[in-house]
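The values are calculated or read from the model by the stated rules, or taken from the named source; none is laboratory data. As the structure is a prediction and not an experimental result, all values here were calculated from the model. As a convention, Cβ positions derive from the backbone with ideal geometry for all residues, glycine included, and neighbour counts pool all protein chains shown.
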Amino acid sequence: MRIYISSDIEGVAGVVDGEQGRPGNAEHERARRLMTQEVNAAIAGAAEGGATEILVNDSHGPMRNLIIEDIDSRARLISGKPKPVSMMEGLSSDYAGVFALGYHARAGSHGILAHTINGFAFARITVNGTDFGESGLYGGYAGELGVPVILFSGDDCLKAEVSPLFVGAEIVEVKRVIMNTAAESMTPKAAREAIKAGAARAVARAKEIKPFRVLPPINVRVELNSVPLADLMSLMPGNERTAPRAVSFTAGSMRMVIRTLNTMSAMSFMLR
Ligand SMILES: [Zn+2]
């Protein structure tokens, strides 16, 4: 049984500030170690639940956070960027389930370090009329492949966001939001125990959990953080300017939605 782990950093126990997600400082060196240890807990739980093959994808920022020499040797690791489907690169329909580990809530919500794909560019992303964060976007892509997200870990705001969409998924709440950059967190040790137990339960129940599917045509509205950003995004073929700070596009698959959003994210670096 194959299990896929998409690993972000903002939802890791003990992480509360953007500095912990930015390479080149001591805080990130600590946070990446906590992230690696949570991934190892998930690998151990997955194996206990019956997984025989585990693929981990480093899904945060530069995508070179996880410390490969410390990763449990029962797994393989994807790192680096860009990648065609970014946070879900390497996932295929023969996986039994996805873990979305260390995930965070969507842009504009109250979650710790909440954003969607690119905090500088995107203020709000709506898919067929519903607000989506990275969980809905990438979880919807997994669903398109027929693979359910069976485990989430992150804060209580993420839990509220994913509960209605990913019915039956295990959700491990490792911290509670106080403000965008403040939280009440479990200790890393306690979080790892909870993640390991949740992972084992999720894998054992994987067959019962249904994939989250977004049916095409998929209409996406992207609200940008500024008018110049919307000016820039309106240049992209397929994008229609629908408001001073918004563009919209229609796609035939979540794969194309993700590729389009990540292309827009890359374009935004022109205005940084
Ligand atoms: Zn991240």
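Here is a check on your reading of the model: is GLY252 exposed (fewer than 14 other Cβ atoms within 10 Å of the Cβ), more than 21 Å from GLY136 (Cα to Cα), out of contact with any Lys or Arg (no Cβ under 8 Å at 6 or more places or on another chain) and modelled with pLDDT of 95 or more? Give the steps one after another, and end with the answer.
Numbers: exposed (fewer than 14 other Cβ atoms within 10 Å of the Cβ): yes; more than 21 Å from GLY136 (Cα to Cα): no; out of contact with any Lys or Arg (no Cβ under 8 Å at 6 or more places or on another chain): yes; modelled with pLDDT of 95 or more: yes.
Here the answer is no, as GLY252 does not meet what is asked.
Okay, residues lined up against (1) modelled with pLDDT under 95; (2) in contact with a Pro (Cβ under 7 Å, 6 or more places away or on another chain); (3) within 15 Å of the ligand (Cβ to nearest atom):
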residue: GLN37; (1), (2), (3): no, yes, no
residue: ALA44; (1), (2), (3): no, no, no
residue: LEU66; (1), (2), (3): no, no, yes
residue: PRO84; (1), (2), (3): no, no, no
residue: MET87; (1), (2), (3): no, no, yes
residue: GLY108; (1), (2), (3): no, no, no
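Quickly run through segment 213-248 and pick out the residues that are under 19 Å from GLY129 (Cβ atoms) and hydroxyl-bearing (Ser, Thr, Tyr). Passing the criteria: THR242, SER248.
As for segment 257-270, it holds at least one residue that is outside any loop (DSSP other than H, G, I, E, B) and farther than 23 Å from GLU89 by Cβ. Against the conditions (1) under 23 Å from the mean Cα position of the chain (by Cα); (2) of a type in the set (D, E, K, R); (3) surrounded by fewer than 18 Cβ atoms within 10 Å (Cβ to Cβ), GLU223 satisfies every one except (3).
Can you tell me which residue in segment 39-93 is farthest from the chain's Cα centre (by Cα), limited to those that are outside any loop (DSSP other than H, G, I, E, B) and polar (S, T, N, Q)? Only one residue tops the list, namely ASN40.
Restricting GLU173, GLU193 to those that are assigned to a strand (DSSP E or B), surrounded by fewer than 22 Cβ atoms within 10 Å (Cβ to Cβ) and not β-branched (Val, Ile, Thr) reduces the list to GLU173. Within segment 114-138, residues that are on the phi > 0 side of the Ramachandran plot sit with their Cβ atoms under 7 Å from residues that are more than 13 Å from the ligand (Cβ to nearest atom) and of a type in the set (A, V, I, L, M, F, W, C), at 6+ positions apart or across chains, in these pairs: ILE117/LEU261; ASN128/VAL214; ASN128/ILE218. On the basis of being surrounded by 13 or more Cβ atoms within 10 Å (Cβ to Cβ), closer than 23 Å to SER86 by Cα and of a type in the set (Phe, Trp, Tyr), does PHE212 make the cut? Against the criterion (surrounded by 13 or more Cβ atoms within 10 Å (Cβ to Cβ), closer than 23 Å to SER86 by Cα and of a type in the set (Phe, Trp, Tyr)), PHE212 qualifies. Considering GLY11, GLY49, GLY21, which residue is more than 15 Å from the ligand (Cβ to nearest atom) and surrounded by 19 or more Cβ atoms within 10 Å (Cβ to Cβ)? Just a single option satisfies the conditions, and that option is GLY49.
Inclusion of ASP94 among residues that are among the charged types (D, E, K, R), under 18 Å from PRO211 (Cα atoms) and surrounded by fewer than 24 Cβ atoms within 10 Å (Cβ to Cβ) is warranted.
Where the second residue is more than 10 Å from the ligand (Cβ to nearest atom) and the first is among the acidic types (Asp, Glu) and lies in segment 52-69, which pairs have Cβ atoms under 6 Å and are six or more apart or on separate chains? Going by the 6 Å Cβ cut-off, the qualifying pairs are GLU53/ARG2; ASP58/LEU66; ASP58/SER79.
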